[in-house]
Structure formats: C-alpha cells, structure tokens
Amino acid sequence: MKKIVLAYSGGLDTSIIIKWLKETYHAEVIAMAADVGQGEELAPLEEKALQSGASKIYIEDLRDEFMSDFIFPLLKSGALYEQKYLLGSAIARPVIAKRLVEVALKEGAEAVAHGATGKGNDQVRFELTIKALAPQLKIIAPWRLWNIRSREDAIDYAAKHGIPVPVTKDKPYSMDRNLWHISYEGGILEDPNVEPEKDMFLLTTDPAEAPDTPEYVEIGFKEGVPVSVNGENLDPVALLITLNNIAGRHGVGRVDMVENRLVGMKSRGIYETPGGTLLYYAHRELEALTLDRETAHFKEMAAVKYGELVYYGLWYTPLREALDAFFDCTQRNVTGTVRLKLYKGNVMVAGRSSDYSLYREDLATFEADDIYNQRDAEGFINLFGLPLKVQGLMKKEYKE
Ligand code: ARG
C-alpha cells in the first residue's frame, strides 16, 4: 500500500493513527478533515496533522452539502430513531465518508482509514458508505487492529512518538458535534440511572435557568424545507445556527435515552439538538395542516423505517432513495409558516398557516354550516359499523 487517506479530527486518537498507519503499512498518510459545523477552528489542524506525520491535509467545508442533501431529507421524512433520537451523528457519517472516498480517488490511494472504535455504530456507517461508493478501496479501522486499549495507552503511544497531545482538559465523555447536534456518551453516563452534570451541556441552557418569559419564533417552510426565521430568509446553515441559538437559550432540545445499537448492545446517550427540535416540531405541525389523512398516516410508518436506515448506515441504498422520492412527493404542499412558543425546555405550537391548508373552518365548526350534512353520518356509521354488528350478532347467538 502506498497511500492511505484518513478521516482526521485532530483529536488524540486520529493523531496517533497517522503514526500507526505509517509504521504498520509504510505508506504515505493523507489527512482529510471535514467541517460539518462542529464549531471548532479547523485551520490549526493543518499544522497538527503535519506534525503528527501526515504528508498533507484536506480541510473540507461540507456544511452546505450536509444541510441540503442530508439534514433536509431527514427533516422531510420526520424520522426519529426509537422515537427520540434526531439522528445527529448518524446523518453526518455518509457525507463525511463520501468526501473521504472522493479524496482517496483523487489521490489514487488504495485505502482509507477512520478512527471509529469497534463497538459503535459509526464504524458501520463509515464503512457501508465507502463500500457503496468505492468498493475497491481497502478500509483500515485501527481501533479493531492495534493493541491500544485505553486513553492512557494512547497518550503513552503519543509521547513515545513525539506526537503533540492536546493540552485541553480531557472530556469525561465521548462527544460528537456538528451543526445539527452534540451527543454525549460514555464515562459517568454509562450508568443509565445517573443524571448528567449541569455543566456538560454546551448548546442549551438549563431549563430551570432559562428566561421567565416565553419567546415566540416563526419558521417559514417551502415544500418541506425551512427557508425563514421570523420573516427573514436565511440560507440553510445560517438558519440552523439561528435556531440553535434561539432554542438553546430556552433549554429546548435535550434528550436522554437508552438506545439499541446496531452492533447489538444497548447504550445510554444524551443529545442536544436545539434548532433541530424546533424544525422537527414545526415541520410536523405544518404537515398536520397540509397532508391528507392517508398520506400522513402512511408517512409515519415510512419514517420509522427511514430512521432505521439512517441509524444503520444504509444511506446509499435503493430503499433510502426510493423513500426520499416518496417523501419529496408528500412535501409538495408543505409550504407555510409555523409559530412556536419556547419556555423553559418546552416547545409548544402557537399557530400555523398555509395557502395549501386542508383545514376548513366551515367544515370543522361546531356552529351551523351548510356544506356538511349531519344526516350523512348515519349511513356512514351503519356501513362502517356493519362488521362490528355482525360480530356482535354472532357472539350473542353463540352465547345463548
Ligand atoms: N449513539 C449515537 C449514534 O450511534 C451517537 C454516536 C456518537 N458518536 C461518537 N463517536 N461519539 O448515532
């Protein structure tokens, strides 16, 4: 092997991976750092990667692509994993792995490498994407190969090889951050009966310390895609950053859950998805107004499946593409605005409106109306209830 492209984060793990790959394969190692909005300065990574032994580094701004091609389809689907998780880490993996493959092909590399451990979902997501897009590439996952077992081992390895160890205080959790969310796992969180410490959260205020007055926010959608906040049109990245700030100061978007990993075990995760939570709720409210009943109910079932596909790393699959085509079709009339009210960790709907609304006051009203004939209901109930009546008759005769 002559060239390996590594998905590089700048952290301790991927820094020592550069060295380890060079020692183990005697190959040139090229680093690829993806900006998916983790809010960190990526520029210093260049020096760091070179110091750790990379021959060069690609720093790739994937934020626009992440929003348009991954977050928005996810939002249109309305998918959650196990009814709670907004899929923040899962949805970022395919866009990162896609660019990793692009860089590897451009460089003529034989292999790609990543720093995901052998116990998690991320290894699966990275590797399924790589297999789908460039099946000829070899995949190297050092965590499944080397003898490093702990953070201490990693620090020792770094010291031995003169790799700069980040001076930042070690975080007691495994964190993953992007525009959409932050996840926290591991450390003291591994006991699902222990509440996280207050100062763990980086994106949201403690709900108890959030403002005593509620704040309203209005989100505008066009065909299922959010386009404005409080009447101002914003590009996708700016829109999400704006909503993260608004929701964050009211403590909206925290989730604490025990989830089923694809690799078999249950794990406990804490998530902050402030802006995403607003978008999820607002989008759902707008659909309630604009989707017909049967489409809405069918879409709910499809969303459960879609959530599994995203969680399992099955992004580049025929079923995901087919489901996206279905969801896109459902979004044709999901245009309008939703007003939310945020208060101490809660999000409530305060109003919704759409030119394509199927809600008709003249139909729903308790007042007198002339387009709905209440007498029609009798025949409807007689036929709709016929099977129940037959069942009832049978039981009555059988029992007597
Ligand atoms: N449990 C979540 C998931 O599987 C979060 C994973 C976070 N990844 C990480 N490397 N910390 O999507």
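A compact table of results
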| read-out | value |
| --- | --- |
| Backbone N within region 316-349 under 18 Å of label point (7 Å from Glu223 Cα along the Cβ vector) | 321-337 |
| Most to least packed among 388-395, 19-26 [average Cβ atoms within 10 Å] | 19-26, 388-395 |
| Extension gain from Cys329 to Met348, taking 0.36 nm per residue of separation minus the Cα-Cα distance | 4.1 nm |
| Hydrodynamic radius by Kirkwood, which averages 1/r over all alpha carbon pairs of region 225-295, in angstrom | 14.2 |
| Efficiency of FRET between Leu358 and Glu110 - r from beta-carbon atoms, R0 51 angstrom, step 0.05 | 0.35 |
| Degrees between helix 88-107 axis and first principal axis of the chain (Cα, 0 to 90, nearest 10) | 50 |
| Distance between modelled label sites at Glu378 and His297, nm, 7 Å Cα→Cβ extension | 2.6 |
| Out-of-range pairs (alpha-carbon distance over 29 Å; input Lys2/Lys160; Lys98/Lys344; Lys56/Lys266; Lys84/Lys222) | Lys98/Lys344; Lys56/Lys266 |
| Per residue value of the accessible surface for the chain (all protein chains in place, 1.4 Å probe), Å² | 52 |
| Angle between the chain longest axis and helix 236-249 axis [Cα atoms, degrees, rounded to 10] | 80 |
| Per-peptide average of other Cβ atoms within 10 Å, ordering 113-121, 259-267 highest first | 113-121, 259-267 |
| Antiparallel %, DSSP beta bridges [both residues in the chain], to 5 | 65 |
| Only Lys, Arg (+1) and Asp, Glu (-1) charged, at Cβ; the chain dipole about Cα centre in debye | 1340 |
| Neighbourhood net charge (10 Å Cβ-Cβ; Lys/Arg +1, Asp/Glu -1) for Tyr343 | 0 |
| Three-way shape label, region 1-109, alpha-carbon gyration tensor, a/c 1.5 | prolate |
| With every protein chain in place, the chain: carbon and sulfur % of accessible area (1.4 Å) | 52 |
| Gain on full stretching of the segment that runs from Glu102 to Lys399 - 0.36 nm per residue minus C-alpha separation | 99.7 nm |
| Cα-Cα P(r), the chain, percent of pairs per 20 Å interval | 24, 49, 21, 6, 0 |
| Under 5 Å, built H, 5+ apart or other chain: amide partners of Asp35 | Glu60, Asp61, Leu62 |
| Length added when fully stretched, Leu262-Asp61, from 0.36 nm per residue minus Cα-Cα | 69.5 nm |
| Kirkwood Rh, Cα atoms: Rg over Rh of region 46-152 | 1.00 |
| Accessible-area value, Arg268, 1.4 Å probe, nucleic acids and ligands omitted, Å² | 20 |
| Segments 187-193, 36-42 sorted - mean Cβ within 10 Å per residue, highest first | 36-42, 187-193 |
| Amide H contacts of Glu110 (H built 1.01 Å from N, under 5 Å, at least 5 apart or other chain) | Lys2, Lys3 |
| Tensor-based shape of region 246-373 (alpha-carbon gyration tensor, a/c under 1.5 rounded, otherwise prolate or oblate) | oblate |
| Tilt relative to the chain, helix 151-160 - C-alpha long axis, 0 to 90 degrees, to 10 | 30 |
| Net charge, Tyr157 excluded, C-beta distance under 15 Å - Lys, Arg +1, Asp, Glu -1 | 0 |
| Hz values of 3J(HN,Hα) by residue in region 317-327 - Karplus curve (6.51, -1.76, 1.60), Gly and Pro given as x | 9, x, 5, 4, 5, 5, 5, 4, 4, 5, 4 |
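The values are calculated or read from the model by the stated rules, or taken from the named source; none is laboratory data. In this text, all values refer to a predicted model and were calculated from it rather than measured experimentally. Note that each Cβ is placed from the backbone with ideal geometry, even for glycine, and that neighbours are counted across all protein chains shown. In case anyone asks, the SASA skips ligands and DNA or RNA and just uses the protein heavy atoms, side chains included. Shrake-Rupley method; radii C 1.70, N 1.55, O 1.52, S 1.80 Å.
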